[in-house]
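Q: One structure follows; several queries about it will come next.
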Amino acid sequence: MVGEGHLRAELEARATPNVTFLGKVGAEQLRDLYRRSRAMVFPADEDFGISMAEAQACGTPVISVAQGGALDIVRPGRTGLLTEPDDVHALREAVRKAAEQDWDRADIRTCAEQFSAQRFRDEISAAVEDMIADPLPR
């Protein structure tokens, strides 16, 4: 587990011996963790969830709930898996399935490019150019 939060102590107390809590890590270590991980589990509902896009940019599939930003980021079966919210059994099954699946990490990275800063800049520039070339009527 990576990161800090108000539930850390409680989660550590309940965790099984195979779970390691790393706390806050630097960007380089985080990228290395993403790249070495079989999958990233993100069982929360967020508007976007930048860490899901970051994991996929490293070729790592994401397991998340079928809500919020995960619906835009995860392509089930291709870049990760989605489960129903608040369904622990479904989440466990998704983790098992992800561990067994042979993921195309290059394809996952390619799919993540839709969230790149360069794509955003290119699309904003194109939109501005379009408006300059053909302004909206007043």
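Q: Might you let me know whether segment 108-131 holds any residue that is assigned by TED's automatic domain parsing to the domain that holds P43, touching a strand residue (DSSP E or B) at 6+ places or on another chain (Cβ under 9 Å), surrounded by 11 or more Cβ atoms within 10 Å (Cβ to Cβ) and not in a strand (DSSP E or B)?
A: Scanning segment 108-131 turns up at least one residue that is assigned by TED's automatic domain parsing to the domain that holds P43, touching a strand residue (DSSP E or B) at 6+ places or on another chain (Cβ under 9 Å), surrounded by 11 or more Cβ atoms within 10 Å (Cβ to Cβ) and not in a strand (DSSP E or B).
Q: Do the conditions hold for L71, that is, is it part of a helix (DSSP H, G or I), free of Cβ contacts under 8 Å to residues at least 40 places away in the same chain, in the same structural domain as M1 (by TED's automatic domain parsing) and in contact with a strand residue (DSSP E or B) (Cβ under 8 Å, 6 or more places away or on another chain)? Break it down stepwise before answering.
A: Values: part of a helix (DSSP H, G or I): yes; free of Cβ contacts under 8 Å to residues at least 40 places away in the same chain: yes; in the same structural domain as M1 (by TED's automatic domain parsing): no; in contact with a strand residue (DSSP E or B) (Cβ under 8 Å, 6 or more places away or on another chain): yes.
Judged against the criteria, L71 is not a match.
Q: Return the only residue of Q29, Q56 being part of a helix (DSSP H, G or I), among the polar types (S, T, N, Q) and in the same structural domain as E4 (by TED's automatic domain parsing).
A: Working: Q56 fails: in the same structural domain as E4 (by TED's automatic domain parsing).
Of Q29, Q56, the one residue that is part of a helix (DSSP H, G or I), among the polar types (S, T, N, Q) and in the same structural domain as E4 (by TED's automatic domain parsing) is Q29.
The values are calculated or read from the model by the stated rules, or taken from the named source; none is laboratory data. All values reported here derive from a predicted model rather than from experimental measurement. Heads up, the Cβs are rebuilt from the backbone with ideal geometry, glycines too, and the neighbour counts pull from every protein chain shown.
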